[in-house]
1. Restricting to the stretch B:15-30, name every residue that is among the small types (G, A, S) and open to solvent by 30 Å² or more (accessible area, probe 1.4 Å).
2. Does B:I81 satisfy being β-branched (V, I, T), out of contact with any helix residue (DSSP H, G or I) (no Cβ under 8 Å at 6 or more places or on another chain) and more than 14 Å from every other protein chain (Cβ to nearest Cβ)?
3. Select from the stretch A:21-34 the residues that are more than 14 Å from chain B (Cβ to nearest Cβ) and more than 11 Å from DNA strand D (Cβ to nearest atom) and list them in ascending order.
4. In this structure, does B:P74 turn out to be of a type outside the set (K, R), within 30 Å of A:E123 (Cβ to Cβ) and either within 13 Å of DNA strand D (Cβ to nearest atom) or surrounded by fewer than 18 Cβ atoms within 10 Å (Cβ to Cβ) (or both)?
5. Quick one: which residue in A:H57, A:H85, A:H10 is within 14 Å of DNA strand C (Cβ to nearest atom) and modelled with pLDDT under 95?
6. Please pick out the residue among A:L12, A:L37 that is buried (at least 20 other Cβ atoms within 10 Å of the Cβ) and within 13 Å of DNA strand D (Cβ to nearest atom).
7. Just to be sure I understand, how many residues within the stretch A:53-88 are among the β-branched types (V, I, T) and touching an Asp or Glu at 6+ places or on another chain (Cβ under 9 Å)?
8. Return only the number of the condition from (1) buried (at least 18 other Cβ atoms within 10 Å of the Cβ); (2) of a type in the set (A, V, I, L, M, F, W, C); (3) more than 9 Å from DNA strand D (Cβ to nearest atom) that B:I81 does not satisfy.
2 protein chains.
Amino acid sequence: MDDVEVLRTHGLRVTGPRVAVLEALHEHPHADAETVLRAARDRLPAVSVQAVYDVLHALTDAGLVRRIEPAGHPARYERRIGDNHHHVVCRSCGAVGDIDCTVGHSPCLTPSSTEGFSIEVAEVTFWGLCPACRSTTAG
Amino acid sequence: MDDVEVLRTHGLRVTGPRVAVLEALHEHPHADAETVLRAARDRLPAVSVQAVYDVLHALTDAGLVRRIEPAGHPARYERRIGDNHHHVVCRSCGAVGDIDCTVGHSPCLTPSSTEGFSIEVAEVTFWGLCPACRSTTAG
DNA sequence: TTCGGTTATTTGAATGATTCCAGTTCATGT
DNA sequence: ACATGAACTGGAATCATTCAAATAACCGAA
């Protein structure tokens with residue numbers, strides 16, 4: 001299923017910016033808006049900043065793309081969805097990596113006291129240093 | 001140990017704004033910067049916006065206060081630290097609640113593949129609806 | 001293939017939390 | 001009390017993201 005078909009399947013109109021953004025995300029698995037913009041412009045030079053934001057929003061709403069918002073860093077977007085994996089974020093450079101949740105479901109993710117909240121999803125973020133920053137910072 | 005002593009213990013100078021901010025945080029367990037500012041001004045009307053940000057930063061660096069940054073909401077600050085608890089955030093109004101990590105340490109928090117990252121902390125955020133928003137939104 | 005209605009995109013300006021800057025004031029140790 | 005360096009004030013600036021209005025593109029129907 002190519003990008004065009006993916007869009008149709010999810011009831012979204014097929015437009016240049018949307019295809020370009022999907023391809024950009026394929027190239028950069030955890031790209032922030034600016035990276036997506038640049039990569040999208042490699043294919044569609046005229047695409048505007050807001051178009052990229054709109055498209056990312058539309059894709060996120062449609063469940064095609066997942067938005068990650070690491071504290072202190074601009075939002076990032078990824079196409080890998082539906083498998084409940086988690087993320088490592090580099091404290092130093094903000095690089096993001098995927099981490100499979102091998103424990104499967106539950107564990108810490110079924111809280112003891114919910115404080116009256118109805119809980120829908122649990123989000124796990126690991127903070128550390130990426131390989132590159134490890135060698136640079138510490139040695 | 002009162003607020004003044006807490007500051008001294010952590011090697012921080014004792015100043016009006018710092019005490020005011022600590023007291024504000026005691027009153028509002030998950031306050032954002034604006035709430036802290038207002039509560040601090042109840043005690044110290046002249047305190048500036050920047051002083052509050054500086055103080056919150058200093059307290060966070062000193063490990064006296066923990067900063068929570070729920071995606072899409074302004075940062076919040078809390079005094080309860082060192083017990084590795086997690087948070088529930090209301091999707092609708094941004095209210096924050098504490099959730100004890102009864103499972104203790106580890107579970108999902110020891111990832112399988114670290115992708116080469118050196119991992120320091122794991123952060124768990126639950127997303128849902130707070131009691132107030134549940135009754136308002138759904139019915 | 002042309003038409004029409006809806007939806008997406010463009011352009012440009014605005015927002016809002018947070019931070020930077022330069023100068024002044026204050027807390028602390030002697 | 002005094003010197004010193006950290007902390008505070010006020011104002012402007014930053015950055016990602018969003019809003020608003022006008023234009024243009026998509027896609028089903030004729």
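1. Quick first cut of the stretch B:15-30, residues among the small types (G, A, S) only: B:16, B:20, B:24.
Of everything in the stretch B:15-30, just one residue is among the small types (G, A, S) and open to solvent by 30 Å² or more (accessible area, probe 1.4 Å), namely B:G16.
2. When the stated conditions are applied, B:I81 passes them.
3. A:V21, A:L22, A:E23, A:A24, A:L25, A:H26, A:E27, A:H28, listed by residue number.
4. Details: of a type outside the set (K, R): yes; within 30 Å of A:E123 (Cβ to Cβ): yes; either within 13 Å of DNA strand D (Cβ to nearest atom) or surrounded by fewer than 18 Cβ atoms within 10 Å (Cβ to Cβ) (or both): yes.
Spelling it out, B:P74 is indeed of a type outside the set (K, R), within 30 Å of A:E123 (Cβ to Cβ) and either within 13 Å of DNA strand D (Cβ to nearest atom) or surrounded by fewer than 18 Cβ atoms within 10 Å (Cβ to Cβ) (or both).
5. Values: A:H57 fails: modelled with pLDDT under 95; A:H85 fails: within 14 Å of DNA strand C (Cβ to nearest atom).
Of the residues listed, the single one that is within 14 Å of DNA strand C (Cβ to nearest atom) and modelled with pLDDT under 95 is A:H10.
6. Values: A:L12 fails: buried (at least 20 other Cβ atoms within 10 Å of the Cβ).
When all the criteria are applied, what remains is A:L37.
7. First, pick out the residues of the stretch A:53-88 that are among the β-branched types (V, I, T): A:55, A:60, A:65, A:68, A:81, A:88.
From what is left, the residues that are touching an Asp or Glu at 6+ places or on another chain (Cβ under 9 Å) are A:65, A:68, A:88.
Matching residues across the stretch A:53-88 total 3.
8. Here B:I81 clears every test but (1).
The values are calculated or read from the model by the stated rules, or taken from the named source; none is laboratory data. Quantities reported herein were computed from a predicted structural model and do not represent experimental measurements. Using ideal geometry, Cβ is built from the backbone for each residue, glycine included, and neighbour counts are taken over all protein chains shown. Each accessible area value is taken on the protein alone, full model and side chains, heavy atoms only, with ligands, DNA and RNA left out. Shrake-Rupley method; radii C 1.70, N 1.55, O 1.52, S 1.80 Å.
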